[in-house]
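A.B. asks: One structure, pasted below without further comment.
The values are calculated or read from the model by the stated rules, or taken from the named source; none is laboratory data. Please read these numbers as outputs of a predicted model, since none were measured by experiment. Cβ placement follows ideal geometry from the backbone for every residue including glycine, while neighbour counts extend to all protein chains displayed. All accessible areas refer to the heavy atoms of the entire protein, side chains included, with ligands and DNA or RNA removed. Shrake-Rupley method; radii C 1.70, N 1.55, O 1.52, S 1.80 Å.
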Amino acid sequence: MKALVPLEIDDYAAAHSGAESDVCRMIREETYRTQDCPQMVVGPLEGAFLKVMALAVGAKRVLEIGTFTGYSALAMAEALPDDGTVLTCEIDPASAAFARRFWEKSPHGRKIEIRVGPALDTLGTLAGTYDLIFIDADKANYANYYRRALDLISPTGVILIDNVLWSGRVLNTHAPDPSTAAIQALNRMVAADLRVTAALLTLRDGVFVIKPKPR
C-alpha cells in the first residue's frame, strides 16, 4: 500500500489521537511479524477513527465485512457498551483463528462474533439493522457489499468503506486492473447515490463515510 500522506504527518496524527489498546497493539505487531500482507491491518490512526465513529452514532450493533487479523473488530468492540455486538465476516479460516486467539485476551472480545465463509452468503442471512457497517474486504464485491449495507444500515447509522483511494491507483483511467476498476465503480456509485450524503476522506488509503438521508 503506497503512503498517500507523508509518514511524519501520519505518525503525528496517530500520536494525537486515541491510543490503541494493548491487545490491538499485540495484534498489529504479530500481524507484521507473521502475515504476508501486514499493511492490510488498519492500525492505530484508523482504529481510533473507527472508535470515534462508533461512539458518534451511539453504536450497539456493528457489522464488519472483512476481518483479516481482527484489529478493527476489536477496536470497534472496545467502543461499544457492554451489551454491544460486532458481527464480522471473514472468508479465510486461518485469519479467523488468528483473530480469535487475540480477542480471547481482551474483555471486549466477548462482544465479537465471527462468521467464516463468503461474506455475501452471510449478508443474505442477516435481519434487523446495524448502527455502523465497515466494509474492508475483496474489492470485486465492493458494489455488492455497498448495496446490501444500504439495506442493513439503521436510519441513524453510518457506512464506512476502506481502501477507496487504493494507493492512488483510482486516478488510473487507462486500462485499470480489476480491483482498481471495481473501486472506481464503487466510488462513482456512491457519489451519484441520491439516497446518501458521503465524504471520501484521505485517511490512510481512503475511507468513504456514508450517511443515509432520512427516508
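A.B. asks: Starting from the amide H of Ile114, placed 1.01 Å from N in the peptide plane, find each other amide H under 5 Å away whose residue is 5 or more places distant or on another chain.
C.D. replies: Thr88
A.B. asks: Any idea what % of Cα-Cα pairs in the stretch 142-215 are farther than 19 Å? Kindly include the intermediate steps, with their values, before the conclusion.
C.D. replies: Working: 869 of 2701 pairs.
Considering the stretch 142-215, 32 percent of its Cα-Cα pairs are separated by more than 19 Å.
A.B. asks: Here is a follow-up. Sequence gap at least 6, Cα distance under 8 Å: using those rules, report the relative contact order of the stretch 40-84 to the nearest whole percent. All intermediate terms of the calculation are to be shown ahead of the outcome.
C.D. replies: Numbers: 37 pairs, mean separation 23.9, N = 45.
That works out to 53 percent.
A.B. asks: How far apart, in nanometres, would the label points at Ala15 and Ala94 be if each is projected 7 angstrom from Cα along the Cα-to-Cβ direction?
C.D. replies: 3.6 nm
A.B. asks: For the stretch 1-132, what does the relative contact order come out to in percent, with C-alpha contacts under 8 Å and a separation of six or more?
C.D. replies: Numbers: 198 pairs, mean separation 32.7, N = 132.
This gives 25 percent for the stretch 1-132.
A.B. asks: Can you list the residues, at least 5 places off or on another chain, whose amide H is less than 5 Å from the amide H of Leu201, using H built in the peptide plane?
C.D. replies: Under 5 Å from the amide H of Leu201: Val207, Phe208, Val209.
A.B. asks: Over the chain, what per residue volume does the convex hull of the Cα atoms give, in whole Å³? Mind dumping the intermediate values first?
C.D. replies: Working: hull volume 25.3 nm³, N = 215.
Given the Cα convex hull of the chain, per-residue volume reads 118 Å³.
A.B. asks: Right, something else. Using the Cα gyration tensor of the stretch 63-108, with a ≥ b ≥ c the square roots of its eigenvalues, what is the shape: rounded (a/c below 1.5), prolate (a/b larger than b/c) or oblate (neither)?
C.D. replies: On the way: a/c = 2.44, a/b = 1.45, b/c = 1.68.
Here the stretch 63-108 falls in the oblate category.
A.B. asks: I've got another one for you. Please give me the summed charge of the neighbours of Pro44: other residues whose Cβ is under 10 Å from its Cβ, Lys and Arg +1, Asp and Glu -1.
C.D. replies: Numbers: positive: Arg25, Arg28; negative: Asp10, Asp11, Glu20, Glu46.
Charge balance in the 10 Å sphere: -2.
A.B. asks: What percentage of the solvent-accessible surface of the chain, computed with a 1.4 Å probe over protein heavy atoms, is contributed by carbon and sulfur atoms?
C.D. replies: That share works out to 58 percent.
A.B. asks: Moving to a separate point now. Largest first and in whole Å, give the semi-axes of the stretch 1-102's equivalent ellipsoid, each being the square root of 5 times a Cα gyration tensor eigenvalue. Could you put the intermediate results ahead of the total?
C.D. replies: Working: eigenvalues 86, 73, 26 Å².
Square roots of five times the eigenvalues give 21, 19, 11 Å.
A.B. asks: How long is the gain from Arg33 to Asp151 if the chain were fully straight, where each residue apart is worth 0.36 nm and the alpha carbon distance is subtracted? Intermediate values should be presented prior to the final figure.
C.D. replies: Working: separation 118, 0.36 × 118 = 42.48 nm, distance 3.81 nm.
Extra length available between Arg33 and Asp151 comes to 38.7 nm.
A.B. asks: Counting Lys +1, Arg +1, Asp -1, Glu -1, what net charge surrounds Leu150 among other residues with beta carbon under 13 Å of its beta carbon?
C.D. replies: Numbers: positive: Arg147, Arg148, Arg195, Lys211, Lys213, Arg215; negative: Asp151, Asp193.
The answer is +4.
A.B. asks: Would you work out the relative contact order for the stretch 128-190, in percent, from Cα pairs under 8 angstrom that are 6 or more residues apart? Don't skip to the end; give the middle numbers.
C.D. replies: Details: 68 pairs, mean separation 25.5, N = 63.
RCO, the stretch 128-190: 40 percent.
A.B. asks: Would you be so kind as to identify which of Pro212, Phe98, Ile159 lies farthest towards the positive end of the dipole of the chain, taking Lys and Arg as +1 and Asp and Glu as -1 on Cβ and the Cα centre as origin?
C.D. replies: Towards the positive end, the residue furthest out is Pro212.
A.B. asks: Another question, then. Which value, in debye to the nearest 20, gives the size of the charge dipole of the chain about its Cα centre, when Lys and Arg are +1 and Asp and Glu are -1 at the Cβ? Kindly include the intermediate steps, with their values, before the conclusion.
C.D. replies: Working: 23 positive and 26 negative charges, 126 e Å.
Here the size comes out at about 600 debye.
A.B. asks: Separate question: Through the Karplus equation 6.51 cos²θ - 1.76 cosθ + 1.60, θ set to phi - 60°, convert the phi angles of the stretch 106-120 into ³J(HN,Hα) values in whole Hz; use x for Gly and Pro.
C.D. replies: 10, x, 8, x, 5, 7, 9, 10, 10, 10, 9, x, x, 4, 4
A.B. asks: Go through Lys2/Lys111; Lys2/Lys213; Lys51/Lys105; Lys105/Lys139; Lys105/Lys213 and tell me which ones have a Cα-Cα distance over 27 Å in this structure. Write out the running numbers ahead of the final one.
C.D. replies: Numbers: Lys2/Lys111 33 Å; Lys2/Lys213 33 Å; Lys51/Lys105 19 Å; Lys105/Lys139 31 Å; Lys105/Lys213 39 Å.
Lys2/Lys111; Lys2/Lys213; Lys105/Lys139; Lys105/Lys213, as the Cα separations exceed 27 Å there.
A.B. asks: How about the stretch 90-165: which GluC sites (Glu not before Pro) there are in a DSSP loop, with at most 13 other Cβ atoms within 10 Å of their Cβ?
C.D. replies: Working: sites: Glu90, Glu104, Glu113; in loops: Glu104.
Loop-located and lightly packed - Glu104.
A.B. asks: Let me ask another. Starting with the highest mean, order 56-64, 182-190, 43-51 by the number of other Cβ atoms within 10 Å, averaged over the residues of each peptide.
C.D. replies: Answer by packing, highest mean first, reads 43-51, 56-64, 182-190.
A.B. asks: For the chain, what is the calculated [θ] at 222 nm in deg cm²/dmol (nearest 500), taking -39500 (n - 2.57) for each run of four or more DSSP H residues and dividing by its residue count? Don't jump to the answer; show the numbers that get you there.
C.D. replies: Numbers: 8 runs with 86 residues, N = 215.
Calculated at 222 nm, the ellipticity per residue is -12000 deg cm²/dmol.
A.B. asks: Residues in the stretch 1-38, backbone N under 14 Å from the label point at Asn172 (7 Å along the Cα-to-beta-carbon vector): list them, ranges by number please.
C.D. replies: Inside the label zone: 1-2.
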